[in-house]
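Take a look at the structure below.
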């Protein structure tokens, strides 16, 4: 288990409770993510992963407790928080009638960010999106290619925090490897990454720390030792102990 | 300001890539253009008819005056064209002009029959109405707005882009505000540009153009806010569309139909045909009843001729026109009840229109275009005023055997002059009250 040092925490949930339609979804959830860290919130269906992410994005209001980004309460500094975060939805459905480049330009314009064509190409290079695909309509894209485009957009936004919702769901093994490598690369440049996933193996491959979420509660945390990865079997065993934690 | 236009510019370019919106806007432009052209054509036909009738009217009357020399025959054979010329905004709001008559060629005979003759025509023919600009604006544009705005949020939710868009956009205005504004402005232009073209061709007053624009914008904003608000939290575009279309059907059809049924149930009105029949029976009966009875009834209304009612022969024009007038007097209570009922119905329709924005808009714009029931009532009153002046012109010649020569005929009342005088009086009253 992990010792808690909150001095470097960029994302922090403290005794967070969220109810939706009178149903308690998150119950006293506390965790933090440090700068440059890759943190995976792991849990099964209905564990509260997406609710946690949506609360961090300001779509849900906590019934008690707090959730902060860079020390600012999310719901009280929504524009600040959204300016600091790049969100990657589970199904990164961009506009299929636009090309990848047009999509990126459109979303950047929404964020009031100006980038040159060279900078956009560099972002595409970084996510390894093929050059001949960049000006094709996205209706011809695979999920992996759409995911890469969305990450390129997140990179171009230069947000210090990445919030990823089931990022490898539906990707083939090669695409998952590419994605994990990209995530590690982003973290190595100082980005802070919080991903929610139900993929134990994937989380152990990429995360520095894993929080195990069950029925809206954090039931365990696992951290990788220096220069090694989190023990998949240990996490898997904890994940499989449904209702016994 | 630059930021504001940047957002609009982006959403404009984005909208140009969405085929279904472009098709919808093109359809809007075509429907609006069709309604304006249809209105212009209808008004042009009405104007041509009036011009033709005016020319024929003068020729016919001059011919009758040349052919006949006694006042009774001249009055009998002379027709007088009365008309309610369309306003320069009528092309956009034809209003009641396809239900109420806008032209009558009247004689000095009993008037009620001449006015309500057309009321006995098949009313079913008027049911279909005309597709004018006001119809497109009031009844169809809400549907176009619903189609354009119902999925503003829902389509983004169902496609999974909503949260990404919201968290990426710098402000809510940058996304929903600019996107909604561009769609609204585009729809407004597609609807209004044909109207402005029509207004330019018709020489519509600037004040009327401004007022139509003002009410159109208010009305479209109402439907836009309703559509956006209704769809804001919904995740299913078809469900949003169904709800909004339900509201549209309620406002545009159910409330007006129920209102009409209720008003007709509440307000009882004699049929125009009953008035015609009553008046004609009174006129026909006059041939068989003692002449004194007719003259006594006439003198009761026009005592100034009491010393001139004695007759020297079986038929005299003064008796003939007296029983025409008595025929009108007999039908007067029915005629008054008919008009009172029409006014009452109009007032109640005003109350009903408060529950139906499309009806309210039609009411406001047809009033502006002077094509509503009020305009029809005013025209009918002008005919009555003119008919009375005509009678008062002829009575001295009929009752005192004065000569009706060219000099006198030149002073004969003219409907056109009368309406000009009334208009001038109205304007002068407005100036005085100001």
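For region B:136-177, the candidate set comprises residues that are within 20 Å of residue B:189 (Cα to Cα) and outside any helix (DSSP H, G or I); within that set, the residue that is nearest to the other protein chains (Cβ to nearest Cβ) is B:152.
Could you check, for region A:180-200, whether at least one of its residues is farther than 26 Å from residue A:44 by Cβ, under 15 Å from the mean Cα position of the chain (by Cα), away from every other protein chain (no Cβ under 13 Å) and touching a residue at least 60 places away in the same chain (Cβ under 8 Å)? Yes: region A:180-200 contains one or more residues that are farther than 26 Å from residue A:44 by Cβ, under 15 Å from the mean Cα position of the chain (by Cα), away from every other protein chain (no Cβ under 13 Å) and touching a residue at least 60 places away in the same chain (Cβ under 8 Å).
Pairing residues of region A:230-243 that are at pLDDT below 85 with residues that are assigned to a loop (DSSP other than H, G, I, E, B), at Cβ distances under 7 Å and at least 6 apart in sequence or on separate chains, gives A:230/A:207; A:230/A:224. Under the condition of being surrounded by fewer than 19 Cβ atoms within 10 Å (Cβ to Cβ) and either within 14 Å of chain B (Cβ to nearest Cβ) or on the phi > 0 side of the Ramachandran plot (or both), the residues counted in region A:55-74 number 4. Residues that are more than 21 Å from residue B:393 (Cβ to Cβ) and in a loop (DSSP other than H, G, I, E, B) within region B:286-315 comprise B:287, B:288, B:289, B:290, B:310, B:311, B:312, B:313, B:314, B:315, listed in sequence order.
On the stretch given as region A:75-88, residues that are more than 10 Å from chain B (Cβ to nearest Cβ) and free of Cβ contacts under 8 Å to residues at least 12 places away in the same chain total 3.
Taking region B:1-102 as the region of interest, the helices (runs of 4 or more DSSP H) fully inside it that hold 2 or more residues being within 14 Å of chain A (Cβ to nearest Cβ) and surrounded by fewer than 20 Cβ atoms within 10 Å (Cβ to Cβ) are B:2-16, B:19-67. Residues considered: B:225, B:131, B:218. Of these, the only one that is more than 14 Å from every other protein chain (Cβ to nearest Cβ), assigned to a loop (DSSP other than H, G, I, E, B) and within 23 Å of residue B:358 (Cβ to Cβ) is B:131. Take region A:57-88 and flag every residue that is closer than 17 Å to residue A:111 by Cβ, outside any strand (DSSP E or B) and in contact with a helix residue (DSSP H, G or I) (Cβ under 7 Å, 6 or more places away or on another chain). Selection gives A:57, A:58, A:81, A:82.
So is residue B:197 over 30 Å from residue B:325 (Cβ atoms), without any contact (Cβ under 8 Å) to a residue 12 or more places away in the chain and assigned to a helix (DSSP H, G or I) or not? Against the criterion (over 30 Å from residue B:325 (Cβ atoms), without any contact (Cβ under 8 Å) to a residue 12 or more places away in the chain and assigned to a helix (DSSP H, G or I)), residue B:197 does not qualify.
For region A:75-92, the set of residues classified as over 23 Å from residue A:146 (Cα atoms) and buried (at least 22 other Cβ atoms within 10 Å of the Cβ) consists of A:81 only. Here are some residues: B:346, B:379, B:394. Which one is touching a strand residue (DSSP E or B) at 6+ places or on another chain (Cβ under 9 Å) and in a helix (DSSP H, G or I)? Of B:346, B:379, B:394, the one residue that is touching a strand residue (DSSP E or B) at 6+ places or on another chain (Cβ under 9 Å) and in a helix (DSSP H, G or I) is B:379.
Does any residue of region A:148-156 turn out to be surrounded by fewer than 19 Cβ atoms within 10 Å (Cβ to Cβ), within 14 Å of chain B (Cβ to nearest Cβ), closer than 23 Å to residue A:85 by Cα and out of contact with any strand residue (DSSP E or B) (no Cβ under 7 Å at 6 or more places or on another chain)? No, region A:148-156 contains no residue that is surrounded by fewer than 19 Cβ atoms within 10 Å (Cβ to Cβ), within 14 Å of chain B (Cβ to nearest Cβ), closer than 23 Å to residue A:85 by Cα and out of contact with any strand residue (DSSP E or B) (no Cβ under 7 Å at 6 or more places or on another chain). The single residue among B:163, B:98 that is at pLDDT 90 or above and touching a helix residue (DSSP H, G or I) at 6+ places or on another chain (Cβ under 8 Å) turns out to be B:163. Go through region A:97-122 and report how many residues are surrounded by 21 or more Cβ atoms within 10 Å (Cβ to Cβ) and away from chain B (no Cβ under 12 Å). So the count comes out to 1.
The values are calculated or read from the model by the stated rules, or taken from the named source; none is laboratory data. Quantities reported herein were computed from a predicted structural model and do not represent experimental measurements. Please note: Cβ atoms are built from the backbone with ideal geometry, for glycine as well, and neighbour counts cover all protein chains shown.
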